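Worksheet: one structure, shown below.
A short reminder: the numbers here are calculations on the coordinates, not readings from a lab. Since this is a predicted model, take the numbers as computed values, not measurements. Reconstructed Cβ throughout: ideal geometry from the backbone, glycine too, with neighbour counts over all protein chains shown.
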Amino acid sequence: MKSKLQTIPSNKINHQKWDECVLQHKAPIYTKFIFLNTMANNWVGLVLNDYEAVMPICYRKKIGITYIYTPAFIQQLGWIGKKNIEWELIEKAVLSIVKYGDIMFNHYNDFDAIDLERKTNFIINLSADYNKISSNYKSDLKQNLKKASRENLFYQQSNNVEQAISLYKNTYSHRMNGLTDNDFNNFTQLCLSLQKTGDCFVREVVNSKQELLAIALLLIDENRIYNLANSTTTLGRNTEANHFLIDSILKEFANSNYIFDFEGSDLVGVNSFYKKFGSVNEPYYHWHFNHLPKLIKWLKP
């Protein structure tokens, strides 16, 4: 039987079947229905047959042009399911919806038929014990952890999702072009919902006075722990608190079936920090396309 790839508006999608496909194919947490429905302005799903494979298309409109974009706090989406799908089938379906934009394909989507830009994403497999994991730490990280061990730091659980997101926003929002207060509000509501189901949790480092030094908001699915919002306070920077925080998280979840996903990054400083932990690059892929009419294409290269 010939494969049927249909376009379904988000409000018509069978979210149970959608999430079953995501789960079956170990797709990133951002591709779950609740994540897309909370963070995307508008989206439709490409659905192969009876949810054998799916692909979200998130879009906006500006000055009369509909374009694909990646919603806030989503790193990669792309094709989920059948691996030997023809690129031409995906391209035709996408271009039937929109003629311009950017898609971040997930780490499974290295299509041979098109030259995609590789984006950096660092991970650590947590199946080994902590001693094995920490043996891959770089020497400067080991020195920083020795320094942290003399600072009387305490690693602990927290339920304060709002605090983690607020500090992250206040610390890094100036680097995040295009993120709005509404994006942060939506993300907060998403994380509070995920916290109720055990899919979002917070870890923090404090000193003996219970002053916050570093904090990480983490999402978790069946396969991965995602480092979504990690921040260090001014006080914490002087104590190597964030090195201590990440090391403690890795220690807590060592000998598990999870992958720790650092969430990036191509930024030089962040890239260097993640490499210190012996992480490996698992690239995802960027596709930019412009099939607008010639005059508009010329105005918007």
(request) Could you work out how far helix 15-24 tilts from the main Cα principal axis of the chain, as a 0 to 90 degree angle to the nearest 10? (result) 60 degrees
(request) For the chain, find the longest principal axis of its Cα atoms and tell me its angle to the long axis of helix 181-196, 0 to 90°, nearest 10. (result) 70 degrees
(message) Residue by residue through the stretch 273-285, what is 3J(HN,Hα) from phi via Karplus (6.51 cos²θ - 1.76 cosθ + 1.60, θ = phi - 60°)? Round to whole Hz and write x for glycine and proline.
(response) 5, 5, 5, 4, 8, x, 6, 10, 7, 10, x, 10, 9
(message) For LYS119, what residues show an amide H to amide H distance below 5 Å, using hydrogens built from the backbone and excluding near sequence neighbours?
(response) TYR284, TYR285, HIS286
(message) Neighbour counts of other C-beta atoms within 10 Å: give me PHE201, PHE122 arranged from fewest to most.
(response) PHE201, PHE122
(request) Positive end of the charge dipole of the chain (Lys, Arg +1 and Asp, Glu -1 on Cβ, about the Cα centre): tell me which of ASN14, TYR226, VAL94 has its Cα farthest that way. (result) VAL94
(request) Taking the dipole about the Cα centre of the stretch 122-281, with the C-beta of Lys and Arg at +1 and of Asp and Glu at -1, give me whichever of PHE184, ALA214, GLN157 is farthest to the positive side. (result) ALA214
(request) Round to the nearest 10 and give me the degree value, 0 to 90, for the angle of helix 241-253's Cα axis relative to the longest principal axis of the chain. (result) 70 degrees
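Which whole-number percentage describes the relative contact order of the stretch 122-281, with Cα contacts under 8 Å and a sequence gap of 6 or more?
So the answer I get is 38 percent.
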(request) Calculate the dipole size of the chain relative to its Cα centre from +1 charges on Lys and Arg beta carbons and -1 charges on Asp and Glu beta carbons; express the result in debye to the nearest 20. (result) 540 debye
(request) Taking the dipole about the Cα centre of the chain, with the C-beta of Lys and Arg at +1 and of Asp and Glu at -1, give me whichever of GLY236, PHE277, TYR59 is farthest to the positive side. (result) TYR59
(request) Would you work out the charge dipole size for the stretch 122-281 about its Cα centre, treating the Cβ of every Lys and Arg as +1 and the Cβ of every Asp and Glu as -1, and quote it to the nearest 20 debye? (result) 620 debye
(message) Shape verdict for the chain, please, from the Cα gyration tensor: rounded (a/c under 1.5), prolate (a/b greater than b/c) or oblate.
(response) prolate
(message) Once you compute Rg and the Kirkwood Rh from C-alpha atoms, what is the Rg to Rh ratio for the stretch 122-281?
(response) 0.94
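Which value in deg cm²/dmol, rounded to the nearest 500, describes the helix-derived mean residue ellipticity at 222 nm for the chain, given -39,500 (n - 2.57) per DSSP H run of n ≥ 4 and division by the residue count? It would help to have the intermediate numbers written out before the result.
Working: 11 runs with 101 residues, N = 301.
The helix-only estimate for the chain comes to -9500 deg cm²/dmol at 222 nm.
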(request) Highest first, please rank the peptides 241-251, 74-84 by the mean number of other Cβ atoms sitting within 10 Å of their residues. (result) 241-251, 74-84
